[in-house]
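Here's the structure, in C-alpha cells; my notes come after.
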Amino acid sequence: MLLGLLFVLVVLKFFVLDLMLPAEAPSGPGYQPGAHSSSSFATPGMPTLVELGTDWCGPCRTLRPVLLQLQREYAGRAEVVLLNPEKNAAAQIAYRPRVYPTLVFHNADGSVHKRLEGAPARARIVGIFKEMGIQ
C-alpha cells in the first residue's frame, strides 16, 4: 500500500512539476533576448503587437503572412512579435490565451491597448495601429 502511494506521488511529481514548468527561455521570430520583461514581450519604448498562435491552427496560418507583411511595413515604428505559446511557456504564462490566434496590442509604455481573439482582417489591425498613433 505504501509502495503504491509512493509510486503515485513520483508519477504525479513528474507529470505535474517537470512537464508544467518552463523548460526553455522565451524565443520566437521578433523576440530580442533581454529586451522584454518576464511578464511582457512588448518592446520597451515602441508600440508592439504580440500574436499568440500555433502551427496547427488554421486561422493562425492564414494570419501569419499578413503579420509578417505588417512587420516589414511598420519596421521602426511598431514591433510585430509572433509567438507560439505551445513552444514558449513564458508566453503562455504571461498572456494566458484562451483561443488562437490572440493578438495583444501594447502601447509604447508597455500597457495593453487592446486584446483581440481570432483572426481579424488586415484593415482592422491597421485601424488599431492608427488608433494607437502609428502612421
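The values are calculated or read from the model by the stated rules, or taken from the named source; none is laboratory data. Bear in mind that the values here come from a model prediction, so they are computed numbers and not experimental data. Counting neighbours? That spans all protein chains shown, and the Cβs are built from the backbone with ideal geometry, glycine included.
Kindly evaluate GLU51 against the criterion of being crowded, with 18+ Cβ neighbours inside 10 Å, of a type in the set (Asp, Glu) and not in a helix (DSSP H, G or I).
yes
Just checking, does region 85-105 include any residue being part of a loop (DSSP other than H, G, I, E, B), in contact (Cβ under 8 Å) with a residue 60 or more places away in the chain and crowded, with 17+ Cβ neighbours inside 10 Å? Step through it out loud before you land on a result.
Quick first cut of region 85-105, residues part of a loop (DSSP other than H, G, I, E, B) only: 85-88, 96-101.
Restricting the remaining residues to those that are in contact (Cβ under 8 Å) with a residue 60 or more places away in the chain gives 87-88.
Of the ones still in play, those that are also crowded, with 17+ Cβ neighbours inside 10 Å are 88.
Checking region 85-105: at least one residue is part of a loop (DSSP other than H, G, I, E, B), in contact (Cβ under 8 Å) with a residue 60 or more places away in the chain and crowded, with 17+ Cβ neighbours inside 10 Å.
Of the numbered conditions (1) modelled with pLDDT of 95 or more; (2) in a loop (DSSP other than H, G, I, E, B); (3) not β-branched (Val, Ile, Thr), ALA42 fails exactly one; give the number of that condition.
Every listed condition holds for ALA42 apart from (1).
Going by what's in this entry, would THR62 be described as among the hydroxyl-bearing types (Ser, Thr, Tyr), surrounded by fewer than 17 Cβ atoms within 10 Å (Cβ to Cβ) and out of contact with any helix residue (DSSP H, G or I) (no Cβ under 8 Å at 6 or more places or on another chain)?
So THR62 passes the test.
GLY34 - would you say it is modelled with pLDDT under 85, of a type outside the set (A, V, I, L, M) and outside any helix (DSSP H, G or I)?
yes
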